[in-house]
Amino acid sequence: MSSGIIVQSQSHQAAFERFASGSKKSMVALVKGEFGIVLDKVARYTPPASEGVTGLKAERQGKAKVAADIRSIYGTPGDAYDAIKGTSAASASAFWFLHKQGNDDDASKIVRAATGKSFSSFDGGTLHQRVSPAQRRKRRKEIVFFVRNPQSLESYIQQEESHVWWLASGWAPALRALGRKLPYGVGKANGPGNFRAIINDRRIELIATDEVGYASNVRDINRRIAWAMQVRTQDLNDMWDKYLATLARETGFKSAKK
């Protein structure tokens, strides 16, 4: 699918085929096992994970980014108070008194006069959803409007934080099909994904696709996956070198790296 992620690496394929040539296991078993190892690594480094940050730490990192992103658009009454105080301490005190008394119509007039922004009911996240992640990164981190009901804003933030594993969970169907234990967090959501296997006398082909709609548009996703593949390729090369060294000891011949 054009909207998904399909992982391929010629260097990894070459390293695997070389390593497999020294194994006594069937090629089907080797391919299945290797594909599972690779996909596990890919899933571990799919956002919210980043290089060096996986699992629970990645979850915390992802939630913090979600919260910061939303708070860069919506301000709380406390944020409004601080903004007004920068202009007039007396106006800030008047605003706070009116807000606490439930007179938000008059409180909003003070906010408008001091900041040029509105003091309105939370829009349920409409403004946040209207702006794509790429656009959010480009926009200035400046509050668009202040919300009267911060409890609703907090509920929305928690709701959005619960989706941090959505992208990574798109690998879960394939990992389950391969009999792999899901890395931390990958099973916390039900993002769409697909696994396809073609095994016959001419070829063995396993394909895992993360079908989350925005997968291919996530910043650095291809670089992160390529890095994970490189790590596994190096593992295979190291195992091959050890195999040659063992073979050399057993046969009495010297091994030579190209």
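The values are calculated or read from the model by the stated rules, or taken from the named source; none is laboratory data. Just so we're clear, the structure is a prediction, and the values are computed from it rather than from any experiment. All Cβ positions, glycine included, derive from the backbone under ideal geometry; neighbour counts span all protein chains shown. For accessibility, only protein heavy atoms count, side chains too; no ligands or nucleic acids. Shrake-Rupley method; radii C 1.70, N 1.55, O 1.52, S 1.80 Å.
Values for this structure:
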{"read-out": "Unmet criterion (only one of (1) free of Cβ contacts under 8 Å to residues at least 24 places away in the same chain; (2) over 15 Å from the mean Cα position of the chain (by Cα); (3) surrounded by 13 or more Cβ atoms within 10 Å (Cβ to Cβ)) for Met229", "value": "(1)"}
{"read-out": "Residues of the stretch 93-105 satisfying the condition of being part of a helix (DSSP H, G or I) and either under 14 Å from Val147 (Cα atoms) or touching a residue at least 12 places away in the same chain (Cβ under 8 Å) (or both)", "value": "Ala94, Phe95, Trp96, Leu98, His99, Lys100, Asp104, Asp105"}
{"read-out": "Condition met for Ile199 (outside the structural domain of Asp105 (by the TED database), of a type in the set (Val, Ile, Thr), open to solvent by 90 Å² or more (accessible area, probe 1.4 Å) and touching a residue at least 40 places away in the same chain (Cβ under 8 Å))", "value": "yes"}
{"read-out": "Pairs, first under 18 Å from Met229 (Cα atoms) in the stretch 41-63, second hydroxyl-bearing (Ser, Thr, Tyr) and open to solvent by less than 60 Å² (accessible area, probe 1.4 Å), C-beta under 6 Å, six or more apart", "value": "Arg44/Thr54"}
{"read-out": "Only listed residue being in contact (Cβ under 8 Å) with a residue 60 or more places away in the chain and closer than 23 Å to Ala58 by Cβ, chosen from Pro183, Pro150, Pro173", "value": "Pro183"}
{"read-out": "Verdict on Lys32 being farther than 29 Å from Ser121 by Cα and open to solvent by 20 Å² or more (accessible area, probe 1.4 Å)", "value": "yes"}
{"read-out": "Lone qualifier among Asp69, Asp79 - being surrounded by 14 or more Cβ atoms within 10 Å (Cβ to Cβ), among the acidic types (Asp, Glu) and modelled with pLDDT of 95 or more", "value": "Asp79"}
{"read-out": "Residue list for the stretch 35-50, filter: open to solvent by 30 Å² or more (accessible area, probe 1.4 Å) and not in a helix (DSSP H, G or I)", "value": "Tyr45"}
{"read-out": "Selection from the stretch 99-132 of residues that are aliphatic (A, V, I, L, M) and at pLDDT 95 or above", "value": "Ala107, Ile110, Val111, Ala113, Ala114"}
{"read-out": "Ala67 vs. criteria under 17 Å from the mean Cα position of the chain (by Cα) and of a type in the set (A, V, I, L, M)", "value": "yes"}
{"read-out": "Given (1) open to solvent by 40 Å² or more (accessible area, probe 1.4 Å); (2) more than 29 Å from Asp69 (Cβ to Cβ), index of the condition Ser155 fails", "value": "(2)"}
